Amino acid sequence: EAQVTQNPRYLITVTGKKLTVTCSQNMNHEYMSWYRQDPGLGLRQIYYSMNVEVTDKGDVPEGYKVSRKEKRNFPLILESPSPNQTSLYFCASSRGLTWGYTFGSGTRLTVV
Amino acid sequence: GQQVMQIPQYQHVQEGEDFTTYCNSSTTLSNIQWYKQRPGGHPVFLIQLVKSGEVKKQKRLTFQFGEAKKNSSLHITATQTTDVGTYFCAGPPGGGNKLTFGTGTQLKVEL
């Protein structure tokens, strides 16, 4: 089944403790992206990648890092999480910018 | 700031009524995509429009791309409870490589 898999689905962590949210797709998509969703603000793009070793900032990249060492994986790294990063995070992939995204099921992160 | 805006933010309708959400961009969009997110779920791709003035239909859903390629609309005829969710438009403002989502319109359908 074609899918985007994110882990974990839920995570509660403390301020400053580094964490990684994994994202993997099995569709051989070149384009991958991370979004955060907050009430009233919709989906805001954090980082995106157009291919292996090619990443670029979205609209809200501060406090996040990403890497694209393999085509299928696009992990999101929070080096020092803060409470304002409490949010619902989605990873998504597509064949390219002019193709629709397939989204993962989301990761609900709480930073206390 | 937000470059892709949607109105209204919320809409409550009675089942059988029509519903429309509007998407407006401050810059020309090379294409516009629409997504639906059910409560507790993830966004699901519905359709993409590319041409100026393009109109596409999916059963009771009608999607339109404005002539100037700066606005779009989604119209649902005779809503059903299965239409409940938040509808997002998305596009690459300014022809860049980012896909920017609108703020979304949350639709509630009452029996």
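The values are calculated or read from the model by the stated rules, or taken from the named source; none is laboratory data. This one's a predicted model, so the numbers in the text were calculated from it and none came from an experiment. Reconstructed Cβ throughout: ideal geometry from the backbone, glycine too, with neighbour counts over all protein chains shown. Surface areas here come from the heavy atoms of the whole protein model, side chains and all, with no ligands, DNA or RNA. Shrake-Rupley method; radii C 1.70, N 1.55, O 1.52, S 1.80 Å.
Condition check ((1) open to solvent by 70 Å² or more (accessible area, probe 1.4 Å); (2) over 18 Å from B:LEU111 (Cβ atoms); (3) away from every other protein chain (no Cβ under 12 Å)) across all residues:
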residue	(1), (2), (3)
B:PRO8	no, yes, yes
B:GLN11	no, no, yes
B:GLU15	yes, no, yes
B:ASP18	yes, no, yes
B:SER25	no, yes, yes
B:ASN31	no, yes, no
B:GLN37	no, yes, no
B:GLY40	yes, yes, no
B:GLN48	no, yes, no
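Considering segment A:5-51, and only residues there that are open to solvent by 10 Å² or more (accessible area, probe 1.4 Å) and aliphatic (A, V, I, L, M), the residue that is farthest from the other protein chains (Cβ to nearest Cβ) turns out to be A:VAL14. A:GLY63 meets each of the listed conditions (1) in contact (Cβ under 8 Å) with a residue 12 or more places away in the chain; (2) part of a strand (DSSP E or B) apart from (2). Per the conditions (1) within 14 Å of chain B (Cβ to nearest Cβ); (2) surrounded by fewer than 20 Cβ atoms within 10 Å (Cβ to Cβ), the sole criterion not satisfied by A:PRO83 is (1). Those strands (runs of 3 or more DSSP E) of segment B:59-102 in which at least 2 residues are among the small types (Gly, Ala, Ser), closer than 18 Å to B:LEU49 by Cβ and in contact with a Phe, Trp or Tyr (Cβ under 7 Å, 6 or more places away or on another chain), considering only elements entirely within it, cover B:71-76. Looking only at segment B:70-92, residues that are open to solvent by 20 Å² or more (accessible area, probe 1.4 Å), within 20 Å of B:GLU110 (Cβ to Cβ) and either under 11 Å from the mean Cα position of the chain (by Cα) or among the polar types (S, T, N, Q) (or both) come to 6 in all. Can you say whether A:THR55 is part of a strand (DSSP E or B), crowded, with 16+ Cβ neighbours inside 10 Å and in contact (Cβ under 8 Å) with a residue 12 or more places away in the chain, as far as the supplied structure shows? It is true that A:THR55 is part of a strand (DSSP E or B), crowded, with 16+ Cβ neighbours inside 10 Å and in contact (Cβ under 8 Å) with a residue 12 or more places away in the chain.
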